[in-house]
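In what follows, a structure is listed as structure tokens, so that the remarks can point back to it.
The values are calculated or read from the model by the stated rules, or taken from the named source; none is laboratory data. Small disclaimer: the values here were computed from a predicted structure and weren't measured. With ideal geometry, Cβ positions are generated from the backbone for all residues, glycine too; neighbour counts draw on all protein chains shown. Accessible surface areas use protein heavy atoms only, side chains included; no ligands, DNA or RNA. Shrake-Rupley method; radii C 1.70, N 1.55, O 1.52, S 1.80 Å.
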Amino acid sequence: MTLIAELRALVGAPQVLTEGDLTAWELDWRRRWRGKALAVVRPGSTAEVAAVVRACAAHGTAIVPQGGNTGLVGGGVPDASGRQVLLSLQRLNRLRAIDAANLTLTAEAGCVLQALQEAARQQGLLLPLSLAAEGSCTLGGNLATNAGGTQVLRWGNARELCLGLEVVTASGEVWQSLTGLRKDNTGYDLRDLFVGSEGTLGIITAATMKLAPLPAATATALAACETLDGALALLARARRRLGAGLTGFEVMNRFSLELVARHFPALPRPLAPAPWTVLLEHSDTEGEEQARARFEALLGEALEAGEIADAAVAESLAQSKALWQLRESIPLAQAEEGQNIKHDISLPVSAIPEFVAATDAALDRRWPGVRLVDFGHLGDGNLHYNVQAPAGADGAAFLAEQEHAVNEIVYDAVAARGGSFSAEHGVGALKREELALRKSPVALAMMRAIKAALDPQGLFNPGRML
Ligand SMILES: Cc1cc2nc3c(=O)[nH]c(=O)nc-3n(C[C@H](O)[C@H](O)[C@H](O)COP(=O)(O)OP(=O)(O)OC[C@H]3O[C@@H](n4cnc5c(N)ncnc54)[C@H](O)[C@@H]3O)c2cc1C
């Protein structure tokens with residue numbers, strides 16, 4: 001029997017797609033990588049995923065797992081060979097349980113993050129993972145990429161929120177470890193191996209995640225800063241004043257908000273353009289009035305100290321959402337503007353102002369007029385430091401011709417300051433060479449040994465990461 005016929009027998013013919021428009025699965029979100037799948041296979045249960053893996057293993061056919069296809073490094077789409085099976089997890093979308101007393105949620109890999117946040121909220125609980133793609137990214141993809149997002153400074157990234165996993169291994173067995181345990185020292189931490197493995201070690205089919213009580217109130221504000229040093233002084237003050245109540249600290253440079261204004265003119269801009277705009281979020285255990293009062297006091301002090309030039313506190317939930325929309329529209333505004341060279345870097349927070357000044361200057365010396373879309377999660381040291389061609393230049397040509405040289409300048413500057421070339425998006429196809437070049441040989445050898453032990457046939461996501 002051919003593999004396709006076998007797969008149809010295992011998951012049902014309508015769930016094995018080989019013809020028609022498969023763009024939704026074969027083209028990545030950035031429209032940078034377009035592959036060709038042997039078939040798009042959509043199993044509906046863990047047992048079906050395991051059966052698909054066993055069939056593919058028997059035929060020696062590679063598998064590319066995919067969730068919401070919002071990944072930004074080309075890791076979740078097939079290559080152009082037409083020989084890889086695209087395994088979509090989207091039909092594994094059941095919420096299995098919420099244990100309110102244990103503060104945990106167990107759900108299948110294909111659940112959309114926003115749907116899980118909402119399910120938790122309905123029980124007065126918070127799933128504290130939040131990113132701009134939350135309306136379409138999936139829990140499995142979040143864990144496979146160890147997603148970060150806007151609340152990492154308070155809650156950590158996906159790894160820190162994950163307590164248990166269910167995984168289909170390369171031999172087609174199911175590893176069931178959906179524990180809700182905060183403590184479990186029984187040997188090697190297999191869970192942490194699969195989190196962040198970008199589909200190269202196993203297929204995540206379900207997970208148990210930590211929850212927290214919903215805060216009584218959340219306040220949001222924008223603050224305009226003349227310098228990044230001012231933004232860092234505000235961060236230190238907010239940490240002192242709000243402690244664990246500081247749940248978001250995002251930064252946006254002037255050009256990134258200009259792009260939002262150009263492509264989403266309906267969004268309100270409560271502050272005049274400034275070199276840097278900070279978006280702060282404060283979650284309070286008391287109530288709305290207390291939250292806003294604490295926030296206003298903090299911002300008043302920062303104004304007096306000259307750390308910020310202006311500030312606006314959202315007066316309502318709608319205003320607060322509009323402020324977040326400004327921040328979350330930046331990736332979309334960039335996509336509208338055309339191709340650019342993306343960097344998802346992390347640095348010690350203290351090194352960021354000097355890094356930005358030195359690297360902006362180095363890039364401008366080499367490509368006069370180059371434009372920097374610089375924004376991100378300043379509170380945890382993660383910047384999306386994206387390089388756009390000078391005004392009037394062809395963005396696609398700039399990307400094709402200059403990406404390597406731009407990357408060398410940016411990543412050398414990051415490495416010199418003890419940073420990472422991939423803070424949250426992962427390695428995928430985009431940063432494979434960077435990994436080979438910049439990761440220590442000892443670490444690479446251990447990573448290859450792990451891959452060989454868990455996936456000896458090289459079945460899962462070949463050519464990605466390693
Ligand atoms: C507008 C926008 C904003 C974003 N903001 C952030 C952000 O703030 N922080 C952040 O970390 N990321 C961000 N991302 C990147 C992306 O959304 C995240 O990486 C997300 O976690 C990917 O989830 P997904 O379901 O779309 O995964 P996919 O794109 O489908 O897959 C991503 C990778 O995971 C693998 N994979 C997917 N599902 C599974 C599974 N069940 N088992 C094993 N491997 C699997 C794939 O093979 C691929 O390598 C953003 C993306 C967009 C488009």
### Message
Looking for something among the polar types (S, T, N, Q) and out of contact with any helix residue (DSSP H, G or I) (no Cβ under 6 Å at 6 or more places or on another chain) - is there at least one such residue anywhere in segment 218-225?
### Response
yes
### Task
Output the residues belonging to segment 368-419 that are closer than 16 Å to ALA357 by Cβ and surrounded by fewer than 19 Cβ atoms within 10 Å (Cβ to Cβ).
ILE409, ASP412, ALA416, ARG417
### Query
Only one of (1) within 11 Å of the ligand (Cβ to nearest atom); (2) in a strand (DSSP E or B); (3) over 21 Å from THR18 (Cβ atoms) fails for LEU86. Which number is that?
(3)
### Query
Among ALA423, ALA429, ALA393, ALA416, which is within 25 Å of the chain's Cα centre (by Cα) and more than 30 Å from THR247 (Cα to Cα)?
ALA429
### Task
Any chance you could count how many residues in segment 339-360 are within 16 Å of the ligand (Cβ to nearest atom), in contact with a strand residue (DSSP E or B) (Cβ under 8 Å, 6 or more places away or on another chain) and closer than 15 Å to LEU372 by Cα?
5
### Query
What number of residues within segment 107-122 are of a type in the set (Gly, Ala, Ser) and either touching a Ser or Thr at 6+ places or on another chain (Cβ under 7 Å) or part of a strand (DSSP E or B) (or both)?
3
### Query
If you go through segment 230-275 one residue at a time, how many are in a helix (DSSP H, G or I) and among the hydroxyl-bearing types (Ser, Thr, Tyr)?
1
## Note on the structure
Within segment 453-462, the residues that are more than 20 Å from ASN146 (Cβ to Cβ) and either open to solvent by less than 60 Å² (accessible area, probe 1.4 Å) or among the hydroxyl-bearing types (Ser, Thr, Tyr) (or both) are GLY458, LEU459, PRO462
## Note on the structure
Note: among ALA115, ALA109, ALA133, just one is within 15 Å of the ligand (Cβ to nearest atom) and surrounded by 24 or more Cβ atoms within 10 Å (Cβ to Cβ), namely ALA109
### Message
Would you confirm, using the coordinates I've provided, whether ALA80 is surrounded by fewer than 20 Cβ atoms within 10 Å (Cβ to Cβ), within 30 Å of LEU332 (Cβ to Cβ) and away from the ligand (no atom under 11 Å from the Cβ)?
### Response
yes
### Task
Name the single residue, out of those in segment 276-312 being part of a loop (DSSP other than H, G, I, E, B) and within 16 Å of LEU232 (Cα to Cα), that is least open to solvent (accessible area, probe 1.4 Å).
ILE308
### Summary
Checked segment 157-172 for anything out of contact with any strand residue (DSSP E or B) (no Cβ under 9 Å at 6 or more places or on another chain) and more than 10 Å from the ligand (Cβ to nearest atom); matches are ARG159, SER171, GLY172
### Candidate set: segment 1-60, residues that are among the β-branched types (Val, Ile, Thr) and free of Cβ contacts under 8 Å to residues at least 24 places away in the same chain; chosen: the one farthest from the ligand (Cβ to nearest atom)
THR2
## Note on the structure
Output for Cβ contacts, cut-off 8 Å, separation at least six or different chains, first residue on the phi > 0 side of the Ramachandran plot in segment 192-210, second hydroxyl-bearing (Ser, Thr, Tyr) and near the ligand (Cβ under 9 Å from one of its atoms), reads GLY196/THR145; GLU198/THR145
